[in-house]
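Here the structure is laid out as structure tokens; the discussion comes afterwards.
Since every read-out is calculated from the coordinates, none of them should be taken as a lab result. A quick note: this is a predicted structure, and the numbers were derived from the prediction, not measured. All Cβ positions, even for glycine, are placed from backbone atoms using ideal geometry, and neighbour counts span all protein chains on display.
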Amino acid sequence: MNKPLRVFITGASSGLGAALARHYGAAGAQLGLAGRRPEGLQDTAAGLDAHLYRADVRDPAAMQQAAAAFLSEVGTPDIVIAAAGISVGTLTEAADDAPVFRAVMDANVLGLVHTFQPFIAAMQARGGVLCGISSVAGVRGLPGGSAYSASKAAATVYLESLRLELKARGIAVVAVAPGYIDTPMTQVNPYAMPFKMTAQTAANKVARCIAQRRAYTVIPWQMAWVARLLKWLPIPVYDSIFEKAPRKPRGLPT
């Protein structure tokens, strides 16, 4: 009889992280769910085999504690998914946005490090998968979203470096770059969002990438073609298209 998967997920109090918890929970996985909002974690965990950890991925000590508790209570994870993140508009000339830039970079880049680091030593003995959620927004810089685009570009490159570092040790590193997902983070966007997915659809696609241990995947496939086009657009053409594009509202989410 196969043992249930052990899966640790950050950002599990809402959005994609919660949907991933439901996906793996429905398959009988033993879950570790980390997030900043206890009430959201409780909602996500309803009916699932889940251990809950109130932790902010920007806080390395909190993530060390959450990981230690999961290792003690459940065991070495088969899959660790860093799904926590912050998406918000920013402007460099706005002095009030300086702490927002730091929060976005801390959550979306260092949050990956704080999530993965405590598990790597234990996972070396049996292998497993570390999955980080990047974004199509990291392919090119978006006006008004400089912090988010920069953080996701950094996340993609960080995950590539980590993949090469851990390959010989039997730990796969999977990077998934979604397009638009219908979550509270995108529901404030004042512009059209082509190929928008439900959170559960996105979670199903992420889980498929993890199962197949894909190094880097843009989801959905339609957005993958958009990402390829954006990547190779000449700078003058890209600038003319996106210079006056609608911008995400500023203001750090609570």
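Projected label points at V188 and R213, each 7 Å from Cα along the beta carbon direction, are separated by 4.0 nanometres.
Sort 176-187, 80-91, 101-112, 116-127 for me by packing, meaning the mean count of neighbouring Cβ atoms within 10 Å per residue, highest on top.
Working: 176-187: 18.9, 80-91: 24.1, 101-112: 21.5, 116-127: 15.8.
Ranking, from highest mean packing down: 80-91, 101-112, 176-187, 116-127.
What angle, in degrees between 0 and 90 and rounded to the nearest 10, separates the Cα long axis of helix 15-26 from the longest principal axis of the Cα atoms of the chain? With rounding to tens, the tilt is 30 degrees.
For the peptides 145-153, 43-51, 221-229, residues were scored by their other Cβ atoms within 10 Å and the scores averaged per peptide; the highest-first order is 145-153, 43-51, 221-229.
Comparing A19, A69, A34 in a Gaussian network model of the chain where C-alpha atoms under 10 Å apart are linked, the largest mean-square fluctuation is found at A69.
With charges set only on the Cβ (+1 for Lys and Arg, -1 for Asp and Glu), what does the dipole of the chain come to about its Cα centre, in debye to the nearest 20? Before the final figure, lay out each step's value.
Numbers: 25 positive and 16 negative charges, 143 e Å.
Computed charge dipole of the chain: roughly 680 debye.
Taking each residue as 0.36 nm, the span from A245 to R102 lengthens on full extension beyond its C-alpha to C-alpha distance by 49.1 nm.
Highest average first, the peptides 206-214, 70-78 ordered by how many other beta carbon atoms sit within 10 Å of their residues are 70-78, 206-214.
Only helices enter this figure: runs of n ≥ 4 DSSP H residues, each worth -39500 (n - 2.57), summed and divided by the residues of the chain, yield -13500 deg cm²/dmol at 222 nm to the nearest 500. Cα extents for the chain along the principal axes, largest to smallest and rounded to whole angstrom: 58, 34, 30.
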